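If you scroll down you'll find the structure; I have some questions about it.
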Amino acid sequence: MSQSGYVYILTNESFREDWIKIGKSWRPVDIRSKELDNTAVPLPFTIYATMKTVKYNEVEKLVHKTIDRLSDLRVRQNREFFNISPQVALDIFRDIARAIDDAEITIYKNNVPLSQRDTEQIHSKTSSVSDNNSKRQKHFLFSMIGAQVGEELIFVPTGAIVKIANDRMIEYEGRLYTLTAFTCTHIPERMRNKSGIYRGPRYFSYHGEVLTALRKKATIGKQEEG
């Protein structure tokens with residue numbers, strides 16, 4: 001039987017906020033992150049998330065390829081550093097994990113793995129249909145509301161204008177984000193909540209209407225047609 005290994009997302013406070021390292025290791029990631037703590041970097045790495053699977057070699061290549069297809073986000077082509085937010089990388093992990101039977105994603109806080117229960121609660125809250133999180137919902141797609149690549153959205157809390165990059169992601173100042181990742185990164189301090197969890201579509205408008213409202217209208221319209 002093949003041995004399981006890890007694909008990891010590491011951050012570092014000495015880097016720019018949206019520079020991360022995505023690599024692989026057959027050993028526990030805390031050991032690998034300590035090995036990377038050398039004179040080349042001022043501060044130690046922090047583990048953001050890991051995916052455990054016997055296919056860790058293939059998954060690492062797929063994650064890199066997925067990011068490279070989105071844009072030229074690799075800091076240097078022969079390195080494992082990417083100019084992308086860790087939230088976006090985690091979304092890519094989750095998408096890939098759905099197609100792998102043994103994939104186990106672990107989210108970390110202060111280099112300590114969150115319990116499975118805490119991880120499930122975070123994932124449930126970020127993908128809930130309603131405020132009471134009574135149901136799970138699919139990721140928001142711009143095609144759900146008829147929005148096209150290249151069109152503009154407004155980030156309501158600050159008035160920043162972003163462009164739709166693909167069906168799930170937006171582009172701002174040359175960088176790609178999911179709606180939730182952008183919200184986590186750019187929401188003003190006065191609007192931040194204690195949980196640090198945000199439903200991205202709530203904070204963007206398209207042609208003057210909030211995305212969550214537009215999605216609801218589109219869903220009702222399809223139900224009526226059916």
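Determine the gain in length on full extension of the stretch Asp102-Thr66; use 0.36 nm per residue of separation and subtract their C-alpha separation, reporting nm with one decimal.
That works out to 10.9 nm of additional length.
Taking K and R as +1 and D and E as -1, what net charge do the other residues with C-beta under 13 Å from the C-beta of Val149 add up to?
My count for the surroundings of Val149 gives -2.
Turning to a different aspect of this structure: Subtracting the Cα-Cα distance from 0.36 nm times the residue separation, let me have the gained length for Ser14 to Ala213 in nm, one decimal.
Length difference between fully extended and current span is 67.7 nm.
In nm, what is the difference between 0.36 nm times the number of residues separating Leu36 and Asp167 and their Cα-Cα distance? Don't skip to the end; give the middle numbers.
Values: separation 131, 0.36 × 131 = 47.16 nm, distance 3.55 nm.
Taking 0.36 nm per residue and subtracting the Cα distance, the gain is 43.6 nm.
Would you mind computing, in nm to one decimal, how far apart the modelled labels at Asn57 and His186 are, each placed 7 Å from Cα along Cα→Cβ?
4.1
What is the distance, in nm, between label points placed 7 Å from the Cα along the Cα-to-Cβ direction at Trp26 and at Ser205?
With each label placed 7 Å out from Cα toward Cβ, I get 5.6 nm.
Bear in mind these aren't lab numbers, they're just calculated from the coordinates by the rules spelled out. Keep in mind the model is a prediction, meaning the values are calculated, not measured. Neighbour counts are summed over all protein chains in view; Cβ atoms, including those assigned to glycine, are modelled from backbone coordinates with ideal geometry.
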